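Please read the structure below before turning to the comments.
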Amino acid sequence: MVTNTHKEAGFIRNIAGRFARHPNQLNQLMQADAEILRYNGQYLVLKTDGIHEEIKTGLYESPYLIGWMSVTAPISDIAAVGAVPEGILLSLQLPMHQNQDWILEFQRGVNEACDCYQIYVLGGDTNSSDTVSVSVTAFAHIKTGEPLLRTGANPGDALYTTAKLGTGNAFGYSRFFDRSLEVQFLPTARLKEMDLIGEHANVCIDTSDGLFAALAVLSEVNQIGFCLQTPLINVLSADALLVHRQAELPEWMLLAGPHGEYELLFTVPQKKRIAFEKSCQSANWEPLYLGSVCSEIQLEFTSGHTAIRCHPSTIANLFYESGGDIAAYLRALMQQQQDWTNDPGL
């Protein structure tokens with residue numbers, strides 16, 4: 001049975017929860033997408049992320065995509081706290097006789113991502129191994145203003161995302177279940193949009209693990225719930241809509257996780273909402289309104305013709321309840337859909 005706690009958060013707390021926190025560290029465990037330290041009147045921001053399971057499972061096969069994502073993943077977390085990145089440290093393990101064409105394409109992916117974010121590879125560590133594994137630590141700063149955390153959401157806040165969602169999960173489905181589906185996946189960290197978001201938002205998280213996983217985290221650290229007023233069919237990206245129609249998957253499954261699209265999910269207090277939307281119009285950018293924060297710890301949304309109400313962790317936990325097995329996970333999603341069809345108020 002799915003429990004009413006977020007299993008990934010519990011796993012992280014069990015492993016990292018006993019480490020001492022730096023006295024100048026602003027965030028506690030799970031409270032921000034990156035680690036934030038007060039430093040000489042400013043903020044030093046750091047984030048380490050790895051491309052391991054994506055390579056091991058075959059989700060990422062293209063060396064260019066592996067290179068691009070190894071940079072984009074931590075930079076997306078840097079963006080979520082409103083920091084400006086300076087550079088990265090690259091830790092790379094690969095076979096001693098790795099194909100040179102593979103190496104060149106990987107380097108091209110890293111270099112083009114760094115050029116996109118105006119950062120540099122500052123150094124790192126390279127070792128031989130039987131398999132390819134990549135980790136990147138990003139360094140950033142906040143010279144003026146305050147960082148955005150995952151905590152601080154209040155009932156009545158408006159919930160937005162930087163763009164339509166579901167591409168990450170659509171890509172995963174196309175890779176594992178139907179390779180005839182052509183899904184383009186090359187996300188860009190939303191550094192530019194943070195100029196506007198940072199002025200108005202009170203909470204932010206990226207959707208690297210999917211929409212519902214992000215909502216589960218925000219619910220747990222803020223003890224709130226969400227009412228998604230925009231029908232999910234209007235939330236899906238073009239690629240997610242393609243998979244939804246071709247594979248006949250319910251809309252909510254394309255937002256379930258655990259592989260997201262690296263958009264930003266954020267809340268704006270109602271008193272700032274008009275000013276925020278006017279600023280977005282002036283900047284010729286239209287964020288996607290999803291719904292609002294509610295005081296009751298629950299998640300409400302409409303998928304297809306079914307209005308669903310559940311605990312915020314229910315969907316996020318399905319992957320962990322399946323033991324990380326992709327085929328078992330799809331079966332669990334299908335079973336959940338059947339349960340909701342019979343009783344949407346579970």
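The values are calculated or read from the model by the stated rules, or taken from the named source; none is laboratory data. Just so it is clear, the model here is predicted, and its values are computed rather than measured. Cβ placement follows ideal geometry from the backbone for every residue including glycine, while neighbour counts extend to all protein chains displayed. Just so you know, the surface numbers come from the protein's heavy atoms only, side chains and all, with ligands and any DNA or RNA stripped out. Shrake-Rupley method; radii C 1.70, N 1.55, O 1.52, S 1.80 Å.
Among the residues of segment 295-327, what is the count of those that are assigned to a strand (DSSP E or B) and under 19 Å from the mean Cα position of the chain (by Cα)?
1
Scan segment 242-262 for residues that are open to solvent by less than 30 Å² (accessible area, probe 1.4 Å) and either in contact with a strand residue (DSSP E or B) (Cβ under 9 Å, 6 or more places away or on another chain) or assigned to a helix (DSSP H, G or I) (or both) and jot them down.
Val243, Pro250, Glu251, Trp252, Met253, Leu254, Leu255, Gly260, Glu261, Tyr262
Rundown of residues vs (1) surrounded by 13 or more Cβ atoms within 10 Å (Cβ to Cβ); (2) without any contact (Cβ under 8 Å) to a residue 60 or more places away in the chain; (3) on the phi > 0 side of the Ramachandran plot; (4) in contact with an Asp or Glu (Cβ under 8 Å, 6 or more places away or on another chain), yes/no style:
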{"position": "Gln98", "(1), (2), (3), (4)": "yes, yes, no, no"}
{"position": "Ile103", "(1), (2), (3), (4)": "yes, yes, no, no"}
{"position": "Gln118", "(1), (2), (3), (4)": "no, yes, yes, no"}
{"position": "Phe139", "(1), (2), (3), (4)": "yes, no, no, yes"}
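Quick check on Pro74: is it open to solvent by less than 70 Å² (accessible area, probe 1.4 Å) and modelled with pLDDT under 95?
no
Checking Gln270 against (1) open to solvent by 40 Å² or more (accessible area, probe 1.4 Å); (2) within 21 Å of Leu241 (Cα to Cα); (3) touching a residue at least 12 places away in the same chain (Cβ under 8 Å), which single condition isn't satisfied?
Every condition holds for Gln270 apart from (2).
Against the conditions (1) open to solvent by less than 50 Å² (accessible area, probe 1.4 Å); (2) closer than 28 Å to Pro155 by Cα; (3) within 21 Å of the chain's Cα centre (by Cα), where does Leu330 fall short? Just the number, please.
(2)
Please specify each residue of segment 306-327 satisfying the condition of being open to solvent by 50 Å² or more (accessible area, probe 1.4 Å) and either touching an Asp or Glu at 6+ places or on another chain (Cβ under 6 Å) or among the polar types (S, T, N, Q) (or both).
Across segment 306-327, the qualifying residue is only Arg309.
Being touching a Leu at 6+ places or on another chain (Cβ under 7 Å) and open to solvent by 20 Å² or more (accessible area, probe 1.4 Å) is true for just one of Ser303, Ser295, Ser237, Ser279. Which residue is that?
Within the list Ser303, Ser295, Ser237, Ser279, the selection yields Ser279.
Of these, Phe301, Phe212, Phe276, which one is closer than 29 Å to Thr48 by Cα and among the aromatic types (Phe, Trp, Tyr)?
Phe212
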